[in-house]
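Comments concern the structure below.
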Amino acid sequence: MSLLPYALARPFLFGMDAEAAHELTMDMLARGQRTPLQWAWCNETVGDPVQLAGLTFPNRVGLAAGLDKNARCIDALAAMGFGFVEVGTVTPKGQPGNPRPRMFRIPQKNALINRLGFNNDGLDAFIANVQRSQVRAQGNLAQGNLAQGKPLLLGLNIGKNAATPIERATDDYLACLEGVYPHADYVTVNISSPNTQNLRALQSDEALDTLLSAIAERREQLATAQGRRVPIFVKIAPDLDADQIAVIAATLQRHGMDGVIATNTTIARDAVQGLPHAGETGGLSGAPVLEASNAVIRQLRAALGPSFPIIGVGGILSAEDAVGKIRAGADVVQIYTGLIYEGPALVSRAARALRDMRR
Ligand SMILES: Cc1cc2nc3c(=O)[nH]c(=O)nc-3n(C[C@H](O)[C@H](O)[C@H](O)COP(=O)(O)O)c2cc1C
């Protein structure tokens, strides 16, 4: 049980600009982690192990990418009860992202819009932070260490720099893959942010084929050289039609990818039409993306068969939403916006509900 009820912190945070609140929270987590202050947000890590992509996930609730882009707060996040934490997106070089303001709350719909644009400190700083985390420093890979003694999996999410032309995107992904590989339980190839020009074009037939073929080849080299085959997941958008999803599913399987993360934020605005900030450019997350993500997950499950790993993300604001995502076909789930609206207690609530589904 956390000592600080989120209901007390939320009005204070929501009184601030969204990105300022985010930065303040991340600073507090970074400073407080590995100290007694951690009890302020600490939660039970529900034990509900599941085997997926050759890994043992301690429970079925993970943190989605983008909250901790620089991997500064891994230990603090681990203490919230997640079974797995995904940090990044990291790009080869540090970059500032888009001009501010670039993150907006739509509280009437439990939603956010962001157009951050992969603001991050770059690969070297990212890896140094990962190495400093207790989860990594104390344990072997895939045997990290939580306060409660349960292993936590660490996903490292990679992307491309804004300044890299899209035709050279593969170079950026390969540079990041090589850098993060020794430190990751799994690597996520993010080709679905709406905030980097043309990034989503990498989801289409030929571009996806070229990218994944290069990634698969480099992964085999790294696996041979390092004696460890790290699973690779590909993260896709909710704004895809059935034909595109079918092609993506076939391409993932053809290149031996180990899983798919569905989905990123949406560029659709129907669900928030007319509300303040609804007209902001960027990706919409939270409750309005739940159904669109679930629809993609259902189509992926039908196309990929029962055993291909699907990580479901988008719009989980309650334990029931997490259960619904598993029912749609996901094996495990991730949360981002739900954490902003509901606080860390949502993590163990959702994990308990998923554990109880099995009983
Ligand atoms: C502010 C913000 C930043 C994000 N940054 C990233 C990112 O860097 N990489 C990524 O793969 N997804 C990123 N995402 C997408 C989330 O990981 C997630 O896929 C999406 O928000 C849907 O889940 P949710 O409704 O639980 O937030 C970001 C989302 C938000 C709200």
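It is to be established whether one or more residues within the range 52-67 are within 12 Å of the ligand (Cβ to nearest atom), in contact with a helix residue (DSSP H, G or I) (Cβ under 7 Å, 6 or more places away or on another chain), closer than 30 Å to Pro5 by Cβ and outside any loop (DSSP other than H, G, I, E, B). Yes, there is a match, as at least one residue in the range 52-67 is within 12 Å of the ligand (Cβ to nearest atom), in contact with a helix residue (DSSP H, G or I) (Cβ under 7 Å, 6 or more places away or on another chain), closer than 30 Å to Pro5 by Cβ and outside any loop (DSSP other than H, G, I, E, B). On the given criteria, is Ala250 in a helix (DSSP H, G or I) and under 20 Å from Leu67 (Cβ atoms)? It is false that Ala250 is in a helix (DSSP H, G or I) and under 20 Å from Leu67 (Cβ atoms). The residue that is farthest from Ile297 (Cα to Cα), among those in the range 221-239 that are within 16 Å of the ligand (Cβ to nearest atom) and hydrophobic (A, V, I, L, M, F, W, C), is Ile232. From the set of residues in the range 79-108 that are basic (Lys, Arg) and buried (at least 18 other Cβ atoms within 10 Å of the Cβ), which is nearest to Leu174 (Cα to Cα)? Among residues in the range 79-108 that are basic (Lys, Arg) and buried (at least 18 other Cβ atoms within 10 Å of the Cβ), the one nearest to Leu174 (Cα to Cα) is Arg102.
Restricting the range 164-191 to residues that are surrounded by 24 or more Cβ atoms within 10 Å (Cβ to Cβ) and among the hydroxyl-bearing types (Ser, Thr, Tyr), the residue that is nearest to the chain's Cα centre (by Cα) is Thr188.
Among the residues of the range 151-163, those identified as away from the ligand (no atom under 15 Å from the Cβ), surrounded by 18 or more Cβ atoms within 10 Å (Cβ to Cβ) and either modelled with pLDDT under 95 or small (Gly, Ala, Ser) (or both) are Pro151, Leu152. Check whether at least one residue in the range 85-102 is assigned to a helix (DSSP H, G or I) and within 12 Å of the ligand (Cβ to nearest atom), and report yes or no. No, the conditions are met nowhere in the range 85-102.
Put simply, of Ala71, Ala53, Ala64, Ala20 the only residue that is at pLDDT 95 or above and surrounded by fewer than 17 Cβ atoms within 10 Å (Cβ to Cβ) is Ala20.
Table: residues versus (1) within 16 Å of the ligand (Cβ to nearest atom); (2) among the aliphatic types (A, V, I, L, M); (3) touching a Cys at 6+ places or on another chain (Cβ under 8 Å).
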| position | (1), (2), (3) |
| --- | --- |
| Asp241 | no, no, no |
| Thr265 | yes, no, no |
| Leu275 | no, yes, no |
| Gly283 | yes, no, no |
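Against the conditions (1) surrounded by fewer than 24 Cβ atoms within 10 Å (Cβ to Cβ); (2) more than 12 Å from the ligand (Cβ to nearest atom); (3) more than 16 Å from the chain's Cα centre (by Cα), Tyr341 satisfies every one except (2).
For (1) small (Gly, Ala, Ser); (2) out of contact with any strand residue (DSSP E or B) (no Cβ under 8 Å at 6 or more places or on another chain); (3) surrounded by fewer than 24 Cβ atoms within 10 Å (Cβ to Cβ); (4) modelled with pLDDT of 95 or more, each residue gets a yes or a no:
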{"position": "Leu211", "(1), (2), (3), (4)": "no, no, yes, yes"}
{"position": "Ile215", "(1), (2), (3), (4)": "no, no, yes, yes"}
{"position": "Arg218", "(1), (2), (3), (4)": "no, yes, yes, yes"}
{"position": "Ala225", "(1), (2), (3), (4)": "yes, yes, yes, yes"}
{"position": "Ile232", "(1), (2), (3), (4)": "no, no, no, yes"}
{"position": "Pro238", "(1), (2), (3), (4)": "no, no, no, yes"}
{"position": "Asp243", "(1), (2), (3), (4)": "no, yes, yes, no"}
{"position": "Gly256", "(1), (2), (3), (4)": "yes, yes, yes, yes"}
{"position": "Thr265", "(1), (2), (3), (4)": "no, no, no, yes"}
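The values are calculated or read from the model by the stated rules, or taken from the named source; none is laboratory data. The model shown is predicted, which means the values in this text are computed figures rather than measured ones. Cβ atoms come from the backbone with ideal geometry, glycine included; neighbour counts cover every protein chain shown.
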